[in-house]
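Laboratory data are not the source of any read-out in this text; all were calculated from the coordinates shown. None of these values were measured; they are calculated from a predicted model. Heads up, the Cβs are rebuilt from the backbone with ideal geometry, glycines too, and the neighbour counts pull from every protein chain shown.
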Amino acid sequence: MKTLLAVPAVLLFSIALVSCGTGQERSAATTKASSSVPADVAKSTKDLDQVQAGLKNLQNAGDNPDLKKMYGDLKSEANHLVGSLEDVRSHSDSAIAAGRKQIEQWHKDADGFTDPDLRTSSNKREGDLRAAVDALAASSATLTTASDSYRSSLSQTLKALDLDLSKPGLESVQPVVAKLVNDEPNLRTSLKDVSEKSQSLNGVINP
């Protein structure tokens, strides 16, 4: 009888260890995704600097500008910016999805706690994680709005120049170029906020 009772005990202990490992794996997945965001943001910020420099070159083109070079340089930098912004979005989305999956399973597992102190402390930590994930999700949505607007105007400006790469063509895009230059701080601020929110999420998981 003792031997028979010992087997379930071992199985229960093994299940507990597996459950703990699974929780750690979910935590690691959230950490890995969110840890990538600050580096992506740093790259996007540098790319944004280059695009802004190209736009200001268009604004201050002078009487005899090398339009072909200016257009080519801006198009190249714009492509870099589009790619790095997509990386920010992708890793932010991955961090949010991983965090929500972690929260969902955490809630299910912790719901079985009967010790009131353990339940209270676990609920507190789960709540902190939920708040951090929600904050990143809200920040990411704001960035998406700012990014999509900026990218759309930039793409249309490049298309207009491609259709008419001349001094009159350059003059025709100046209002949109000015808008892009003026809208840049909004995009930059949104990028910075996503970076900060991803670091805050990491801080909750790894205090």
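For the chain, the membrane-span-like helix rule (DSSP H, alpha carbon extent of at least 15 Å along the helix axis, mean Kyte-Doolittle at least -0.5) picks out 2-59, 116-163, 167-205; this says nothing about an actual membrane. In this label model, GLN24 and SER166 are separated by 6.9 nm, measuring between points 7 Å along each Cα→Cβ vector. Listed by chain and number, the lysines whose C-alpha is less than 16 Å from the C-alpha of LYS108, apart from same-chain residues fewer than 8 away, are LYS124.
Take the residue pairs LYS75/LYS179; LYS68/LYS192; LYS43/LYS75; LYS43/LYS101; LYS46/LYS167; LYS56/LYS197 and return only those whose Cα atoms are more than 25 Å apart. Please list the in-between numbers first.
On the way: LYS75/LYS179 17 Å; LYS68/LYS192 33 Å; LYS43/LYS75 17 Å; LYS43/LYS101 28 Å; LYS46/LYS167 29 Å; LYS56/LYS197 31 Å.
Going by Cα-Cα distance, LYS68/LYS192; LYS43/LYS101; LYS46/LYS167; LYS56/LYS197 fall outside the 25 Å limit.
Of the peptides 72-78, 161-167, 114-120, the ranking by mean beta-carbon count within 10 Å, highest at the top, reads 72-78, 161-167, 114-120.
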